[in-house]
Number of protein chains: 2
Amino acid sequence: MSVETILTEAVTVTDAALERLLPGPDAQPHSIHRAMRHSTFAGGKRLRPALVLEAARMVAGNLPEGVEECGAAIEMLHTYSLIHDDLPALDNDDLRRGKPTCHVVFGEAIAILAGDALQTTAFQTLAHLKCPATSAVQILREVAIAVNTGVGADGLAPGMIGGQVVDIESEGKKPTAELVEAIHRSKTGALITVSIVAGGLYAGASAEDVARLRTFGEKLGLAFQIVDDVLDLTQDSAQLGKTAGKDAATDKATWPAVYGLEKSIADADAMIREAYDAIAPWGEAAEPLKTIARFLVERKH
Amino acid sequence: MSVETILTEAVTVTDAALERLLPGPDAQPHSIHRAMRHSTFAGGKRLRPALVLEAARMVAGNLPEGVEECGAAIEMLHTYSLIHDDLPALDNDDLRRGKPTCHVVFGEAIAILAGDALQTTAFQTLAHLKCPATSAVQILREVAIAVNTGVGADGLAPGMIGGQVVDIESEGKKPTAELVEAIHRSKTGALITVSIVAGGLYAGASAEDVARLRTFGEKLGLAFQIVDDVLDLTQDSAQLGKTAGKDAATDKATWPAVYGLEKSIADADAMIREAYDAIAPWGEAAEPLKTIARFLVERKH
């Protein structure tokens with residue numbers, strides 16, 4: 001199966017689920033529902049939902065009914081984090097995927113609340129999953145930890161908000177290898193990893209298989225962010241659909257800033273090979289996930 | 001049992017749960033965990049947790065083990081909504097419960113992310129409740145709907161964020177009775193109602209009993225907000241611990257603005273009597289909830 005086929009299916013089923021799960025643009029109050037939709041339907045590639053779908057398909061042998069709602073929930077969390085990251089008080093970005101960001105169109109107050117509501121709707125969606133309640137609760141726990149600050153009732157774990165905080169607070173400091181890896185594992189890696197774990201849990205994966213999926217996700221997540229760092233240095237804004245060269249200009253903690261461009265590209269390749277190894281036990285059935293992984297390190301935007 | 005006894009117990013068990021559930025002030029990254037704690041431990045009366053505890057006690061006949069974590073989760077959601085409401089882009093409040101607000105102490109970026117993380121930690125806590133998974137999922141659904149925009153997969157329902165949006169967008173317009181009731185039911189009422197419903201669900205309440213609890217909560221929530229409106233008009237900032245007279249100054253949609261002060265006070269009293277009726281079937285066991293309700297309409301700040 002080609003990566004185009006895999007990603008096209010992911011976009012189709014995820015967008016249909018998001019369309020169904022989010023309030024319509026004419027639902028009252030209009031502004032917030034339109035703001036939520038503006039950022040949700042801004043041309044995202046639905047990579048995380050694709051990982052949910054293909055992990056579930058690999059574990060179950062076919063696509064389990066309703067798993068696309070799990071992918072849609074994770075996409076809502078990704079979208080909420082982008083809306084809040086783009087705010088003037090944070091990254092202050094006017095452009096995202098080539099379109100004006102949420103606060104530029106709807107104002108800061110509505111953008112803050114739209115992000116809040118996307119987080120809420122994501123958890124609401126997970127609480128309505130069509131899998132056994134015990135699996136749904138397990139997915140909810142994993143997802144919550146992945147988007148949290150990295151510390152909680154469950155001990156230390158990479159968390160999206162924690163990564164964002166460390167990223168903000170490390171600007172202007174000289175990035176160390178430990179710092180960059182911690183930020184990448186938290187800010188991007190945790191949500192990518194949990195996409196694969198959640199897909200597996202939805203399909204009824206054993207604890208052993210969940211551990212394999214988690215390793216695959218951790219390697220893939222780190223490789224994905226390294227490639228993002230490389231593209232920020234090597235591509236222009238038109239190709240990226242967002243402001244290029246911003247990481248270097250703001251002294252962001254990136255992989256190339258620590259290791260240089262050449263080693264960064266080699267590291268991403270090596271991590272993808274380690275990711276492949278983790279899901280080798282599934283044999284042929286692992287091909288779609290490997291295809292997505294290969295696409296993510298070879299992409300140009 | 002006196003209201004002081006009830007509320008003191010609620011503060012004690014809720015604060016102990018929050019202390020356990022939130023990352024410590026020295027957990028990395030410091031700033032966000034200190035910001036979450038600054039607003040969580042700012043002297044809140046723990047009214048919503050008290051309602052969770054007493055609803056559960058009334059239904060079960062005693063306090064079910066671990067129900068305080070459900071109350072703590074709802075208090076986290078209440079705190080997150082206050083942090084975001086106080087931001088410069090929203091209500092722009094520097095003072096809350098007599099203390100500087102989160103963004104004044106920690107800056108806007110950390111305040112936005114601290115609110116986000118408190119929402120996440122609330123859902124994470126609910127996904128770890130010590131009740132059967134089917135009850136936990138039901139509580140998660142009810143709570144998510146209550147803090148959402150008021151429309152979703154489950155159809156129309158009052159939702160906290162929706163109430164906040166309508167409140168912002170109605171400033172400067174002449175408030176109508178329908179508008180004020182819609183805002184009050186959503187912005188404050190939904191979270192108060194779900195506190196009582198969640199306590200009941202935790203204790204294993206039947207669908208019929210959940211309906212009774214919901215009616216009690218709806219009446220109480222509306223009365224509570226009417227009293228808040230009245231206090232904003234009649235008390236000064238020192239008594240309230242926040243800026244007084246702000247509603248009138250900003251033309252907020254309030255009950256007294258539509259019905260006048262005298263009828264507002266009478267309406268709140270009438271609603272509390274209707275609330276009592278809804279839980280009358282529990283007889284003597286309903287006394288603690290009725291005591292809290294009476295306290296809420298007779299309070300002076």
| request: Kindly write out, for region A:287-300 in residue order, the coupling ³J(HN,Hα) from the Karplus curve 6.51 cos²θ - 1.76 cosθ + 1.60 (θ = phi - 60°), rounded to whole Hz, with x marking Gly and Pro. | output: 4, x, 5, 5, 4, 4, 4, 4, 4, 5, 8, 9, 5, 10
| field | Number of partner chain Cβ atoms within 10 Å, mean per residue of A:82-89 | value | 3
| request: Could you work out, residue by residue across A:106-114, how many beta carbons of other chains sit within 10 Å of that residue's beta carbon, and then give the average as an integer? | output: 6
| request: With a Förster radius of 60 Å, plug the Cβ-Cβ distance of B:GLU274 and A:LYS263 into 1/(1 + (r/R0)^6) and report the FRET value to the nearest 0.05. | output: 0.30
| remark: When A:LYS187, B:LYS174 are arranged by how many other beta-carbons sit within 10 Å of their Cβ, fewest first, they go B:LYS174, A:LYS187
| said: How much length would be gained if the chain were fully extended between B:ASP251 and B:GLU19, taking 0.36 nm per residue of separation minus their Cα-Cα distance, in nm to one decimal? | reply: 79.7 nm
| field | Unit charges at the beta carbon, dipole of chain B: most positive-side option, B:ILE145, B:SER206, B:GLN225 | value | B:SER206
| request: Of the options A:SER81, A:HIS128, A:VAL197, report the single residue whose Cα projects farthest towards the positive end of the charge dipole of region A:3-298 (beta-carbon charges: Lys, Arg +1; Asp, Glu -1). | output: A:HIS128
| Treating the beta-carbon of each Lys and Arg as +1 and of each Asp and Glu as -1, no other charges, what is the dipole magnitude of region B:3-298 about its Cα centre, to the nearest 20 debye? | 340 debye
| field | Computed E for A:THR234/B:THR134 - FRET, C-beta separation, R0 45 angstrom, nearest 0.05 | value | 0.30
| request: Fewest Cβ neighbours within 10 Å first, please rank A:SER195, B:SER31, A:SER81 accordingly. | output: B:SER31, A:SER81, A:SER195
| request: Would you mind getting me the FRET efficiency between B:GLU208 and B:VAL11? Use the beta-carbon distance for r and R0 = 35 Å, nearest 0.05. | output: 0.65
| query | Given A:LYS252/A:LYS300; B:LYS219/B:LYS263; A:LYS174/A:LYS219, which pairs have Cα atoms separated by over 18 Å? | reply | A:LYS252/A:LYS300; A:LYS174/A:LYS219
| Percent relative contact order of chain B, based on C-alpha pairs within less than 8 angstrom and at least six residues apart? | 19 percent
| query | Which cross-chain or sequence-distant (5 or more) residues have an amide H under 5 Å from the amide H of B:ARG96, H modelled 1.01 Å from N in plane? | reply | B:THR101
| message | If the only charges are +1 at each Lys and Arg Cβ and -1 at each Asp and Glu Cβ, what is the size of the charge dipole of region B:75-132 around the Cα centre, to the nearest 20 debye? | response | 320 debye
| note | Between B:GLU284 and A:VAL105, the two model label points (7 Å from Cα along the beta-carbon direction) sit apart by a distance in nm of 6.1 nm
| Rounded Å value of the spacing that divides the Cα centres of region B:1-41 and region A:58-104 | 31 Å
| note | Quick note, the protein assembly as shown: a/c under 1.5 would make it rounded; otherwise a/b > b/c is prolate and the rest oblate (a ≥ b ≥ c, C-alpha gyration tensor); here it is prolate
| request: Arrange the following residues from fewest to most other Cβ atoms within 10 Å of their Cβ: B:LYS173, A:LYS263. | output: B:LYS173, A:LYS263
| query | Rg (Å, one decimal) plus Dmax (Å, integer) for the alpha carbons of chain A? | reply | 18.2, 52
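Bear in mind that the values in this text are calculations on the coordinates, not laboratory data. As the structure is a prediction and not an experimental result, all values here were calculated from the model. Quick reminder, even Gly has a Cβ in these numbers, built from the backbone with ideal geometry, and neighbours come from all protein chains shown.
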